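Worksheet: one structure, shown below.
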Amino acid sequence: MEVATSLVTDNEFFSAERCDNILVVRGKPHFTRHARDLKKIDTFFDHLEIIAHTDLVRVVVFIGCPEKEGATDTLEFFDEFLTSRREDYLIQRLFNLVNNYTVTMAGLNKVTIHADTGHISAFHLNMSLACDYRIVTEQAVFENASAEMGTIPKGGGGYFLSRMLGGAKAAEVLQWPRFSAEEAHNLGIVDRIVPAARLEAEALKVAAYYQEPQVAAMLAIRKLLKSDINELRRSLETEDMLILNRLNSPEFKAAMAARRATRQA
């Protein structure tokens, strides 16, 4: 009973509700506002641990907030950290949280569905790539501010995309600053495109489909494709090193300072 109560929550970062053995987790706006308050981000990852250890849920549907700002979100996110007095600690702490989330998602013994819309940052795309099934709306746009900043997005994109697309194509996509829902669908990194008004209903329809006995086959296929958890961990650690090297470079700090000055002018 305690676990069932813990699965259902509603805070300023996200909400979660159960419908039989399906759990629906909805993101909320203003992610960057919580960037320096890692306790709030912690609540999401703690909730994921609860999901991982319960038998009450077989399918988890993650629904993205339509009010995200994509590339702008990412740039402001980095700005929040780089102007902090505890910059190194906060970034390393965030990386640890994201790494734990990604590894947990890849090994989660549930079917996971990610449904999203609006301006989708590379970070949110990476979160979806750790899931088993991805749905976006017709108007969805993927934005990669990391490409503009001369670095890579955090969250396992290199690992997942290289396994889905092959190394050469993954390297190309990681350098795209922007691409459409249709382009993502053509690549195979999203499974369905739906009208905005139907996003949640279609996600729940897919969730209902992946019940027993189909769920057993889906889980087996997912485990086969994402079986090398140790390789995923190594890839995430390499991400940390590459991103930190870029963030600590004089060129990056100068570029961010110039951007900050332009915004304040």
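Highest mean first, how do 147-156, 43-52 rank when packing is the count of other Cβ atoms within 10 Å averaged over residues?
Those peptides, ordered most packed to least, come out 147-156, 43-52.
Among Ala197, Asn96, Cys65, whose Cα projects farthest towards the positive end of the dipole of the chain, with charges put on the beta-carbon of Lys, Arg (+1) and Asp, Glu (-1)?
Asn96
Which of Gly150, Gln214, Phe44 sits farthest toward the positive end of the charge dipole of region 2-264, with +1 on the Cβ of Lys and Arg and -1 on the Cβ of Asp and Glu?
Going by the Cα projections, it comes out as Gly150.
Sorted by packing (mean other beta-carbon atoms within 10 Å per residue), highest first, where do 198-207, 113-122 land?
The peptides rank, most packed first, as 113-122, 198-207.
What angle do you read, to the nearest 10 degrees and between 0 and 90, between the alpha-carbon axis of helix 229-247 and the longest principal axis of the chain?
20 degrees
If you place +1 on the Cβ of every Lys and Arg and -1 on the Cβ of every Asp and Glu, how big does the dipole about the Cα centre of the chain come out, in debye to the nearest 20?
For the chain, the charge dipole is close to 320 debye.
Would you work out the relative contact order for region 2-264, in percent, from Cα pairs under 8 angstrom that are 6 or more residues apart?
17 percent
Between His53 and Asn248, what length in nm is gained on full extension when 0.36 nm per residue of separation is reduced by their alpha carbon distance?
Fully extending the segment from His53 to Asn248 adds 66.4 nm.
Just flag the trypsin sites (Lys or Arg not before Pro) in region 85-142 sitting in loop per DSSP whose Cβ has no more than 11 other Cβ atoms within 10 Å. Walk me through the numbers before you get to the answer.
Numbers: sites: Arg85, Arg86, Arg93, Lys110, Arg134; in loops: Arg85, Arg86, Lys110.
Here the trypsin sites (Lys or Arg not before Pro) that fit, given the DSSP loop and packing criteria, are Arg85, Arg86.
Distance in nm between label sites at Lys223 and Arg192, each 7 Å beyond Cα in the beta-carbon direction?
2.6 nm
Any idea what the relative contact order of region 96-203 is, in percent, if you count C-alpha pairs under 8 Å spaced at least 6 apart?
Relative contact order of region 96-203: 30 percent.
Laboratory data are not the source of any read-out in this text; all were calculated from the coordinates shown. Computed from a prediction, not measured in an experiment: that's the story for all the values here. Heads up, the Cβs are rebuilt from the backbone with ideal geometry, glycines too, and the neighbour counts pull from every protein chain shown.
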